[in-house]
């Protein structure tokens, strides 16, 4: 027998045993690694589910419908991640209110926080969503009502209205501003808030009446005008003014109205063929001259929007004390404290305390530039807290809650 052949036959079983042992060890190590990886993945999956559950508990306490964010053990990781990201976004930024007729503000939210569905992101969302004082107070009132044992339609309705307002305050977080103006139509109020929710300048307002409703919007003050003209909307000219002017031209002079042609030139009312005019044929514009009798008063706040809605003073300031009816305009918003609001928006005392009483004659409109765009929210919140934190449910003046 060849020595090499003998050596190979003798060594082969040993080599085979070593090879098989090595393969078995590798497979065992691989299985162990796979089991360990699977266990780690399962733990991460469970941790993610737990994070969603914690976020849902908090969201439920601030009036968010969490049913669409519920997760199960069979949900894939990307599904859970998406739900958690969307929930964190709603906790911090809310949903866009359904009643907005115009959205004129650019959102300025931190998109990096929305994609980071982690414990840190959850803490950040919770912290930022509770910094605004009226929001915190309203959350407290909401949870107090939820604890009531009575199950009445009135209670359910109040909770629903509070949830809508809480969502609005979360929505405001989308616009990073040091201060903003909030007009709440049902309350007949205007407030200027800072970041903490401090009321810098509360006042009453007169909004549109039922048949000339003030629209909800997000916009900003783009300028202020002292001694403004009132360019009368065509609908008011045709439906309200034209019949009076046709009956008696003295109405034009008594109201300080100016009739303008298509080139903006003022015309003599005596030279116009009033009998030939109608609601379908009126080739003129009507403008009210500036002054104390102007319907806009002495100060106008131009708002960016295509609906011809703005804030302004009024020539009937006694309405704020003579009546509780805060819904009697054609849609624009009359403000109780125009001088204070203008000075705050301009960042300087451009108008002194006696400005409203001097009423100078033959004044031309004087535009004033605002140093920065201050957001303005015109909203319809039927439930909110007052300056003391007390819950108030306002009258549904436009019947929008039905």
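The values are calculated or read from the model by the stated rules, or taken from the named source; none is laboratory data. Note that the coordinates shown come from a computational prediction; the quantities given were computed from them, not determined experimentally. Glycine gets a Cβ as well: all are built from the backbone with ideal geometry, and neighbour counts include every protein chain shown.
Key figures
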read-out	value
Test: residue in the stretch 317-333 that is closer than 28 Å to residue 366 by Cα, assigned by TED's automatic domain parsing to the domain that holds residue 369 and loosely packed, with under 13 Cβ neighbours inside 10 Å	yes
Which listed residue, of 320, 351, is in contact with a strand residue (DSSP E or B) (Cβ under 6 Å, 6 or more places away or on another chain) and in contact (Cβ under 8 Å) with a residue 60 or more places away in the chain	320
Boolean, residue 391 is touching a helix residue (DSSP H, G or I) at 6+ places or on another chain (Cβ under 8 Å), under 30 Å from residue 236 (Cα atoms) and surrounded by 12 or more Cβ atoms within 10 Å (Cβ to Cβ)	no
Residue match in the stretch 333-340 (condition: over 14 Å from residue 181 (Cα atoms), over 24 Å from the mean Cα position of the chain (by Cα), in contact (Cβ under 8 Å) with a residue 40 or more places away in the chain and not in a helix (DSSP H, G or I))	no
Filter result (closer than 19 Å to residue 120 by Cα, free of Cβ contacts under 8 Å to residues at least 24 places away in the same chain and in contact with a helix residue (DSSP H, G or I) (Cβ under 8 Å, 6 or more places away or on another chain)) within the stretch 70-89	86
So residue 138, is it within 30 Å of residue 221 (Cα to Cα), assigned by TED's automatic domain parsing to the domain that holds residue 180, modelled with pLDDT of 85 or more and touching a helix residue (DSSP H, G or I) at 6+ places or on another chain (Cβ under 7 Å)	yes
Every residue from the stretch 280-303 that is in contact with a helix residue (DSSP H, G or I) (Cβ under 7 Å, 6 or more places away or on another chain) and not in a strand (DSSP E or B)	282, 297, 298
Boolean, residue 351 is over 20 Å from the mean Cα position of the chain (by Cα), assigned to a loop (DSSP other than H, G, I, E, B) and crowded, with 17+ Cβ neighbours inside 10 Å	yes
Residues of the stretch 367-402 classified as closer than 18 Å to residue 214 by Cβ and not in a loop (DSSP other than H, G, I, E, B), total	6
Qualifying strands (runs of 3 or more DSSP E) (wholly inside the stretch 113-230; at least 2 residues being in contact (Cβ under 8 Å) with a residue 12 or more places away in the chain and out of contact with any strand residue (DSSP E or B) (no Cβ under 7 Å at 6 or more places or on another chain))	none
